[in-house]
1. Do you know which residues across the range 39-72 are under 23 Å from residue 91 (Cα atoms) and small (Gly, Ala, Ser)?
2. Which condition number in (1) at pLDDT 95 or above; (2) more than 20 Å from residue 101 (Cα to Cα) is the one that residue 70 fails?
3. State whether the residues of the range 13-33 include one that is under 16 Å from residue 92 (Cα atoms), within 11 Å of the ligand (Cβ to nearest atom), open to solvent by 20 Å² or more (accessible area, probe 1.4 Å) and free of Cβ contacts under 8 Å to residues at least 24 places away in the same chain.
4. Look at residue 43 and say whether it is of a type in the set (S, T, N, Q), under 15 Å from the mean Cα position of the chain (by Cα), closer than 17 Å to residue 98 by Cα and at pLDDT 95 or above.
5. What pairs come out if I take residues in the range 83-107 that are among the hydrophobic types (A, V, I, L, M, F, W, C) and pair them with residues that are modelled with pLDDT under 85 and open to solvent by less than 70 Å² (accessible area, probe 1.4 Å) whose C-beta lies under 7 Å away, six or more apart or interchain?
6. With of a type in the set (A, V, I, L, M) and either in contact with a Pro (Cβ under 8 Å, 6 or more places away or on another chain) or assigned to a strand (DSSP E or B) (or both) as the only criterion, which of 53, 69 stands out?
7. Just checking, how many residues over the range 13-40 are of a type in the set (Ser, Thr, Tyr) and under 10 Å from the mean Cα position of the chain (by Cα)?
8. Determine which member of the set 45, 20 is part of a helix (DSSP H, G or I) and either of a type outside the set (Phe, Trp, Tyr) or closer than 28 Å to residue 87 by Cβ (or both).
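The values are calculated or read from the model by the stated rules, or taken from the named source; none is laboratory data. Fair warning: this is a prediction, and the values are worked out from it, not measured in the lab. FYI the Cβ positions are ideal-geometry reconstructions off the backbone, even for glycines, and counts take in every protein chain you see. Each accessible area value is taken on the protein alone, full model and side chains, heavy atoms only, with ligands, DNA and RNA left out. Shrake-Rupley method; radii C 1.70, N 1.55, O 1.52, S 1.80 Å.
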Amino acid sequence: MKLLITVVSNDDVRSLLNALIDAGHKATKLSSTGGFLRKGNTTLLLGANDNTVDDLLDIIRATCRRRMVPYPFHVSEHPSMVPQDAVEVEVGGATVFVVPVERFIRL
Ligand code: 2BA
């Protein structure tokens, strides 16, 4: 068994959880904060049998793609932080730690 500690953007967590639950997987959602940006993100704990890890990674890949979106309005309040000609910012993606589970016990 493996534990996938999965850090994702708050923007992607709803569709990711929907896809995981629809596919019969289990998840625990934790609120977290990125150490670099100090911005809220979400960490999911996903316990999975070894033969379902690839399925989980496929679902994460499909729902948490890195993509470009227009700069959010609030960023323009800090124009010195934004390159003059920048119109888009990258969001999404996932950071996944695949950790072996020594024992899984439900009491
Ligand atoms: P990502 O590398 O996609 O990381 C997204 C979030 O995933 C991170 O949020 C952090 O919460 C988690 N994470 C990533 N790698 C980790 C690790 N090795 N251990 C534990 N947690 C990890 P933030 O720390 O707020 O980082 C947000 C984005 O800022 C990162 O996206 C990366 O593009 C950039 N970044 C992070 N650290 C950086 C640094 N030292 N220098 C330049 N850019 C950095």
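1. Listed by number, the residues that qualify are 40, 62.
2. (1)
3. Yes, the range 13-33 contains a residue that is under 16 Å from residue 92 (Cα atoms), within 11 Å of the ligand (Cβ to nearest atom), open to solvent by 20 Å² or more (accessible area, probe 1.4 Å) and free of Cβ contacts under 8 Å to residues at least 24 places away in the same chain.
4. Working: of a type in the set (S, T, N, Q): yes; under 15 Å from the mean Cα position of the chain (by Cα): yes; closer than 17 Å to residue 98 by Cα: yes; at pLDDT 95 or above: yes.
Yes; evaluated as a whole, the condition is true for this residue.
5. Pairs found: 89/69; 91/67; 91/69.
6. Numbers: 53 fails: either in contact with a Pro (Cβ under 8 Å, 6 or more places away or on another chain) or assigned to a strand (DSSP E or B) (or both).
Of 53, 69, the one residue that is of a type in the set (A, V, I, L, M) and either in contact with a Pro (Cβ under 8 Å, 6 or more places away or on another chain) or assigned to a strand (DSSP E or B) (or both) is 69.
7. The initial filter retains those residues of the range 13-40 that are of a type in the set (Ser, Thr, Tyr), namely 15, 28, 31-33.
Cutting the leftovers down to under 10 Å from the mean Cα position of the chain (by Cα) gives us none.
Of the residues in that region, 0 qualify.
8. Working: 45 fails: part of a helix (DSSP H, G or I).
After applying the criteria, what remains is 20.
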